[in-house]
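What follows is a single structure, written as structure tokens, with notes after it.
The values are calculated or read from the model by the stated rules, or taken from the named source; none is laboratory data. Quantities reported herein were computed from a predicted structural model and do not represent experimental measurements. Note that each Cβ is placed from the backbone with ideal geometry, even for glycine, and that neighbours are counted across all protein chains shown. Areas reflect the complete protein model, heavy atoms only, side chains present, ligands, DNA and RNA absent. Shrake-Rupley method; radii C 1.70, N 1.55, O 1.52, S 1.80 Å.
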Amino acid sequence: MPTKKKRETTKFEFRGQEFEMDKTAFASLKVQTALSLGDKDPRAANEAMNLVCCGRLVEYIGRVPDADGNAPDELGCSTEDWLAFTGAMAEAASAKN
């Protein structure tokens, strides 16, 4: 039976707000594969990103501010702001503690 990996999480700041991510999930081949194949299986990509976001994907979509620091509307952040957020998340995942 495979052993369960200890999950490593980290907090990072993006445009003045604090977020948490699961570095173990982000680095996993399973998650990276699901994210890279997101156009073929969006549900799997969303589930993978939810793992990375510590179960708070929907909350984060509703919190990620725009470049001026404004909160998103009821539909959530823009695609451009989400891409900037995931870029910051990738930087946080690769940062040495």
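Which aspartates and glutamates does K23 reach when only Cα atoms under 20 Å apart count, and residues fewer than 8 places away in its own chain are ignored? Partners found: E8, E13, E47, E59, E91. For the stretch 34-97, the alpha carbon convex hull comes to 101 Å³ per residue, rounded to a whole number. Using a probe of 1.4 Å, the accessible surface attributed to L75 totals some 150 Å² when neighbouring protein chains are kept in position. Modelled this way, with points 7 Å down the Cα-to-C-beta line, the labels at S28 and R43 are 1.8 nm from one another. Of all the options A48, A67, A25, the one that moves most in a Gaussian network model of the chain with Cα springs shorter than 10 angstrom is A67.
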